[in-house]
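Since the structure comes first, as structure tokens, the remarks are kept for the end.
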Amino acid sequence: MTNSSHKPPLNKQPVAASEDRFRALISATSDIVYSMSADWRVMQELDGRGFLSDTKQPMADWLPKYVPSQDLEKVKTAIDEAIQEKKIFQLEHRVLQADGSPGWTFSRAVPIFNDKGELIEWFGAASDITERKRTEEALREERERSEQQKRLYETITAGTPDLIYVFDLNYRFTYANSALLSMWGKTWDDAIGRNLLENGYEPWHAEMHEREIDHIKATKQAVRGEVAFPHATLGRRIYDYILTPVVNDKGEVEAVAGTTRDVTERKEWELTLARSSEELQTINEEMAAINEEMATTNEEMAATNEELTATNEELAVLNEQLLAAQQKIEEAQMALRLAINAANFGTWFIQSETREFVADARLKEFFGFHPDDEILYDDAINQIHQDYRQQAAELMEATFSKGTRFDMEYPIIGHHDGKTRWVRGIGEIQRSDGKDFFAGVLHEITEKKEDELRKNDFIAMVSHELKTPLTSVKGYTQMLHSKMKRGGDDFAASVLEKANTQVAKMTSMINGFLNVSRLESGKIHIDLQLIDLAELIKEAEEESLATISSHQVVFEPVETTMVNADRDKIEQVIHNLISNAVKYSPGGSIINVACTIVNGMANISIKDQGMGIKPDDLPKIFDRFYRVEGSHMYSISGFGIGLYLCSEIIDRHHGKIWAESELGRGSTFSFGLPLSGQLQNWIADDVCQD
């Protein structure tokens with residue numbers, strides 16, 4: 001009887017066997033198996049199987065050991081609900097893994113009852129869902145970043161009056177900003193996904209753009225043009241547009257992006273200016289005819305003076321002819337003034353010796369003076385913005401002393417109204433009655449300059465905003481590259497390494513655009529300090545040895561050479577010129593770097609054995625956005641801003657930069673900086689001359 005009292009009743013043996021089979025099934029299919037007391041206060045056993053720490057003995061303080069603090073309340077609430085309703089406990093929550101790192105699990109626990117229906121324990125199983133939760137979190141973050149980027153692009157394009165759009169290769173619009181939708185008079189749903197004809201383009205217009213898209217797909221070259229198109233509310237307008245290829249990572253054109261600007265007012269202004277020029281030409285021809293008539297009259301007057309016996313009637317006739325000629329001159333002068341007024345020009349005359357300054361009412365208006373105000377030469381100079389005043393004064397003095405033509409754009413601060421106006425002044429030395437006069441015209445270009453400043457601000461903003469996602473992309477590619485290498489996936493690692501290289505190139509291009517924008521808006525500051533070029537070139541040598549393995553970069557010995565310069569900016573110039581030499585010369589070739597002293601200048605030269613530059617291209621290579629054309633250039637990336645930045649930096653150091661090249665034999669790029677004492681002498685000479 002004693003032994004039989006411990007055996008389960010016969011009718012419970014199948015139930016026990018079923019429970020054993022259930023436990024075995026759960027153990028075989030789950031990452032974790034555990035059992036809990038009826039009130040969940042004691043963990044009786046846990047088999048963590050490497051995911052969680054095992055518990056072989058009952059444990060009362062199991063919650064803080066396995067559940068992070070941020071999920072404790074959630075787990076306790078789910079336990080209380082399961083106990084109260086005597087239902088299956090199930091919950092996704094965070095756990096602390098066996099190694100102490102955070103993880104995720106999906107846990108289910110079944111209540112176990114005795115034959116009286118009393119809850120006696122819980123038997124549970126859990127699965128490791130850490131990777132799934134991490135993937136979900138990464139996808140959520142990626143969606144948030146994507147939505148944020150979309151909102152950013154919408155904000156950028158919505159704030160510009162330009163029309164911005166994207167075609168697929170079937171000529172359908174896949175994107176159009178709000179300005180373009182307004183021009184069409186359509187909504188996004190009405191326009192996107194439709195072709196040119198469906199969006200109101202005339203057949204000839206649609207066919208023209210389709211041919212251009214085909215051309216871009218075939219050549220990967222941008223197309224620019226000008227066309228008239230009816231605006232939904234403003235009527236027919238003239239637009240300047242540019243279509244550019246959108247290339248995928250395989251180098252294939254996958255879409256065509258376009259930007260269009262309304263240039264109707266500019267074209268009308270150009271037409272008005274052309275008409276004014278024609279009228280001025282007609283007036284000049286009339287004046288030439290009048291001069292010829294005056295010459296004839298003078299000859300007749302000379303003959304009359306020689307013939308003192310001429311009658312008074314003949315003299316009267318001659319006087320009448322003279323008066324008629326004078327009237328024609330006055331009429332011609334009036335016509336000239338009307339033409340100048342029609343062109344909205346201001347005029348000035350400055351006597352070379354006395355600097356006596358004569359200005360018309362329009363010029364006084366440009367400078368913010370009243371029509372009856374008297375303006376001296378220095379008064380006009382002082383109203384020029386201080387950032388441009390010295391340059392304008394120097395150019396004017398050069399016109400007086402050397403006879404050079406004056407042509408400059410600069411801002412003026414109005415004397416009375418304080419208003420800033422951008423103007424372009426054009427003038428040269430004229431001679432009249434044995435005296436030299438500096439004569440010229442002035443016209444306002446404020447709208448054009450403001451457009452340029454807005455363009456620079458836009459480029460700077462877009463470039464700055466693009467750097468943030470590029471930084472993230474670079475981080476992801478580097479992380480995936482390391483993971484693929486550790487996993488032995490050499491192909492994926494190679495692809496990611498190439499992608500990382502392209503991201504680095506794009507980052508360099510964006511930095512170049514930022515520098516151009518800062519340069520043109522006057523935000524690049526030159527911090528002059530006394531530096532030793534020998535130390536700077538030594539650092540460049542060490543960097544080249546560490547980073548350049550494709551070429552032999554040979555640095556000639558440099559003695560101590562002191563200059564007043566911005567160390568970071570000059571280092572940027574040297575780095576850019578060495579990088580160009582590497583880019584445009586064959587692998588394994590030699591690049592020579594040297595520094596010499598010539599006529600008070602420290603000249604640094606970088607010589608390569610590359611493809612060389614055509615004579616026609618050589619004078620233009622320091623121009624902004626200029627790139628040498630040719631089939632050999634397709635594989636070399638860039639926007640033509642590196643050499644432009646170098647030129648502007650050296651110019652701001654009172655230095656000079658130049659290039660020498662022989663096609664097929666290589667190029668030598670050089671720049672010179674005045675030695676520290678020489679620069680001070682030049683500045684002192686300029687002050688004394690002023």
Query raised in the report: Has segment 57-67 got any residue that is at pLDDT 95 or above, within 54 Å of the chain's Cα centre (by Cα) and among the aromatic types (F, W, Y)?
Result: no
Query - Top-ranked residue in segment 429-482 [being in a strand (DSSP E or B) and either in contact with a His (Cβ under 7 Å, 6 or more places away or on another chain) or of a type in the set (F, W, Y) (or both); ranked as modelled with the highest pLDDT] - result: F438
Requested in this report: May I ask you to list pairs of residues, at least six apart or on different chains, whose Cβ atoms are under 8 Å apart, with the first in segment 87-98 being farther than 16 Å from G124 by Cα and the second being open to solvent by 70 Å² or more (accessible area, probe 1.4 Å) and of a type in the set (S, T, N, Q)?
Outcome: R94/Q70
Report summary line: Log entry, pairs with first residue in segment 109-124 being part of a strand (DSSP E or B), second being buried (at least 17 other Cβ atoms within 10 Å of the Cβ) and of a type in the set (D, E), beta carbons closer than 7 Å, six or more apart or on different chains, reads I112/E121
Report task. Could you look through segment 72-97, keep only residues that are more than 21 Å from A38 (Cβ to Cβ) and among the acidic types (D, E), and pick out the one that is surrounded by the fewest Cβ atoms within 10 Å (Cβ to Cβ)? Result -> E73
Query raised in the report: How many residues does segment 207-240 contain that are under 22 Å from E254 (Cα atoms) and either of a type in the set (G, A, S) or over 28 Å from the mean Cα position of the chain (by Cα) (or both)?
Result: 7
Query raised in the report: Before we move on, is Y410 assigned to a strand (DSSP E or B) and either hydroxyl-bearing (S, T, Y) or modelled with pLDDT of 90 or more (or both)?
Result: yes
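To keep it simple, each residue is scored yes or no on (1) touching a Gly at 6+ places or on another chain (Cβ under 6 Å); (2) polar (S, T, N, Q).
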{"residue": "F366", "(1), (2)": "yes, no"}
{"residue": "E374", "(1), (2)": "no, no"}
{"residue": "D379", "(1), (2)": "no, no"}
{"residue": "I384", "(1), (2)": "no, no"}
{"residue": "T399", "(1), (2)": "no, yes"}
{"residue": "R405", "(1), (2)": "no, no"}
{"residue": "G414", "(1), (2)": "yes, no"}
Query - Scope segment 233-270; condition out of contact with any strand residue (DSSP E or B) (no Cβ under 7 Å at 6 or more places or on another chain) and either of a type in the set (D, E, K, R) or farther than 27 Å from W184 by Cα (or both); matching residues - result: D249, K250, G251, E252, E265, R266, E268, E270
Requested in this report: Give the residue, chosen from A324, A288, that is open to solvent by less than 80 Å² (accessible area, probe 1.4 Å), part of a helix (DSSP H, G or I) and modelled with pLDDT under 75.
Outcome: A324
Query raised in the report: Restricting attention to segment 577-593, which residues are under 32 Å from the mean Cα position of the chain (by Cα) and either farther than 17 Å from F671 by Cα or buried (at least 20 other Cβ atoms within 10 Å of the Cβ) (or both)?
Result: L577, I578, N580, A581, V582, K583, Y584, S585, P586, G587, I591, V593
Query - Only listed residue being crowded, with 16+ Cβ neighbours inside 10 Å and more than 25 Å from T264 (Cβ to Cβ), chosen from I164, I216 - result: I216
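The values are calculated or read from the model by the stated rules, or taken from the named source; none is laboratory data. Predicted model only: the values in this text are computed from it and were never measured. Virtual Cβ from ideal backbone geometry, glycine too; neighbours counted across all protein chains shown. Heads up: the accessible areas ignore ligands, DNA and RNA and are worked out on the full protein's heavy atoms, side chains in. Shrake-Rupley method; radii C 1.70, N 1.55, O 1.52, S 1.80 Å.
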